[in-house]
Amino acid sequence: MPSFDIVSEVNHVEIRNAVEQCNKEIANRFDFKGSDARVEINDKEKTLAAFADDEFKLRQLRDVLTGKLAKRGVDIRALEPGKLEPVSGNKIKETIKVHEGIEMERAKTLVKLIKDSKLKVQASIQGDAVRVSGAKKDNLQETIALVRKSVADFPLQFKNFRD
């Protein structure tokens, strides 16, 4: 029976490369001379920490980071900016969470969307992915088109398409 998985993944190697490029550019920019602006990666918690002297420089740092991530093919919608926290002295920090996998609530809404579409496919939640199976490949392709059209606020990929 043909099937495919709907997943939400990010390429951690590309994120690391983008962060290194961002830190290099920030170190060489004239408007950041003498400031302690940088981005750090926490692989265990899947977060990025952006440090800067003030809110304006933090916004500039975030713009450079999102530009580098976009150039490397990382979907910006997978990032969730956190609140600004004061660090030692007058410096501030922002923790940016990197979403990976589909949360249970989003998975339930995806399954409901697919079932309400009256396509002849079955959708089931498999951990942090949604598996869709059906009798015909055409129905699966229609399901992919429906999900792409309906879900715009969250990055989704379609993997493991099997006949």
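The table below lists the values:
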read-out: Subset of the stretch 86-116 that is over 30 Å from residue 35 (Cβ atoms) and β-branched (Val, Ile, Thr) - its residue that is nearest to the chain's Cα centre (by Cα); value: 102
read-out: Qualifying residues in the stretch 125-149 (those that are more than 12 Å from residue 4 (Cβ to Cβ) and of a type in the set (Gly, Ala, Ser)) - the one farthest from the chain's Cα centre (by Cα); value: 135
read-out: Residue that is without any contact (Cβ under 8 Å) to a residue 40 or more places away in the chain and closer than 19 Å to residue 79 by Cα, where the choices are 129, 152, 123; value: 152
read-out: Leading residue by the ranking (nearest to residue 78 (Cα to Cα)) among those in the stretch 35-65 that are part of a helix (DSSP H, G or I) and of a type in the set (A, V, I, L, M, F, W, C); value: 65
read-out: Residue 37, sole failed condition from (1) surrounded by 15 or more Cβ atoms within 10 Å (Cβ to Cβ); (2) in contact (Cβ under 8 Å) with a residue 40 or more places away in the chain; (3) closer than 24 Å to residue 12 by Cβ; value: (2)
read-out: Of residues in the stretch 1-48 being basic (Lys, Arg) and within 18 Å of the chain's Cα centre (by Cα), the one nearest to residue 129 (Cα to Cα); value: 46
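Laboratory data are not the source of any read-out in this text; all were calculated from the coordinates shown. Since this is a predicted model, take the numbers as computed values, not measurements. Backbone-built Cβ (ideal geometry, glycine too); neighbour counts: all protein chains shown.
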